[in-house]
Amino acid sequence: MNNTLFILIMIAIYLIAAIPTGVLLARLMGGEDVRQKGSGNIGATNVYRVAGKLAGVLTLVGDTLKGFLPLLAFKTWLEPTPTQLGIASAVAILGHCYPIYLKFKGGKGVATALGIFLVLSPKAVLCALIVFILTVAITRYISLGSVLAALSAPLLILLLNHPQPIFLATLFIATLVIWRHNSNIRRLLDGTENRFKA
């Protein structure tokens, strides 16, 4: 594909990934602005706490799909090189974390990263999900599960011998997700992080 087409597709992927699923669903289902409630985060966990279980689950699904569907379409229809697919993956996570619609103040990227990784390496996602589920089941800390799953993803991609651009994209995404959890990490170290309650 030519450079102009590639740039236009990257803009489209960014704009789709930037859609603030949690903000929209919370307003539709609970009338609340999640940015002003709870942790102030627009992700599924805070939406769950503020607007209820259904809104939280739908936010999780929506945030995952906005990483998954644009990348899957790009990969399937245009057969990009590993470098192009890696760039598209980075653009998608940046769209969620820094959405133009919310003045670049977005979520922490876990669900959208999940959608991206499902396109890049389903096998790696399965292993990372196991890490996440076991961590949350044992500790009840979603943030800790998210951080450990993000840490494991690049290692799994490396072990599965994916092309270097895919590994680098995964490393970038994992680093961004972990960095976006810096306040959670501080609370975990202080013993003040909220545990998940079903």
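The values are calculated or read from the model by the stated rules, or taken from the named source; none is laboratory data. Predicted model only: the values in this text are computed from it and were never measured. With ideal geometry, Cβ positions are generated from the backbone for all residues, glycine too; neighbour counts draw on all protein chains shown. The area values use the complete protein model at the heavy-atom level, side chains included, leaving out ligands, DNA and RNA. Shrake-Rupley method; radii C 1.70, N 1.55, O 1.52, S 1.80 Å.
What to note about this one:
- Condition check for L94: open to solvent by 20 Å² or more (accessible area, probe 1.4 Å), more than 19 Å from N46 (Cα to Cα) and without any contact (Cβ under 8 Å) to a residue 60 or more places away in the chain: no
- Taken residue by residue, segment 75-83 has no member that is assigned to a helix (DSSP H, G or I), open to solvent by less than 50 Å² (accessible area, probe 1.4 Å) and more than 26 Å from N194 (Cβ to Cβ).
- Among the residues of segment 159-173, those that are touching a residue at least 40 places away in the same chain (Cβ under 8 Å) and part of a helix (DSSP H, G or I) comprise Q164, P165, I166, L168, A169, T170, F172, I173.
- Filtered residues of segment 188-198 (kept if free of Cβ contacts under 8 Å to residues at least 24 places away in the same chain and in a helix (DSSP H, G or I)): L189, D190
- When segment 47-61 is filtered for residues that are open to solvent by 20 Å² or more (accessible area, probe 1.4 Å) and part of a helix (DSSP H, G or I), the ones remaining, listed by number, are Y48, R49, V50, A51, K53, L54, V57, L58, L60, V61.
- Being in contact (Cβ under 8 Å) with a residue 60 or more places away in the chain, part of a helix (DSSP H, G or I) and either basic (K, R) or surrounded by 16 or more Cβ atoms within 10 Å (Cβ to Cβ) (or both) holds for only one residue in S89, S146, and it is S89.
- The test for being open to solvent by 20 Å² or more (accessible area, probe 1.4 Å), over 30 Å from L8 (Cα atoms) and part of a helix (DSSP H, G or I) holds for L134.
- Selection of segment 101-119 for residues being surrounded by fewer than 24 Cβ atoms within 10 Å (Cβ to Cβ) and not aliphatic (A, V, I, L, M) yields Y101, K103, F104, K105.
- Restricting attention to segment 25-46 and to residues that are small (G, A, S) and part of a loop (DSSP other than H, G, I, E, B), the residue that is surrounded by the most Cβ atoms within 10 Å (Cβ to Cβ) turns out to be G43.
- Among the candidates L176, L156, L129, the residue that is open to solvent by 50 Å² or more (accessible area, probe 1.4 Å) and either part of a helix (DSSP H, G or I) or at negative phi (or both) is uniquely L129.
- Output for segment 64-109, where each listed residue is within 9 Å of the chain's Cα centre (by Cα), under 21 Å from H162 (Cα atoms) and among the β-branched types (V, I, T): I93
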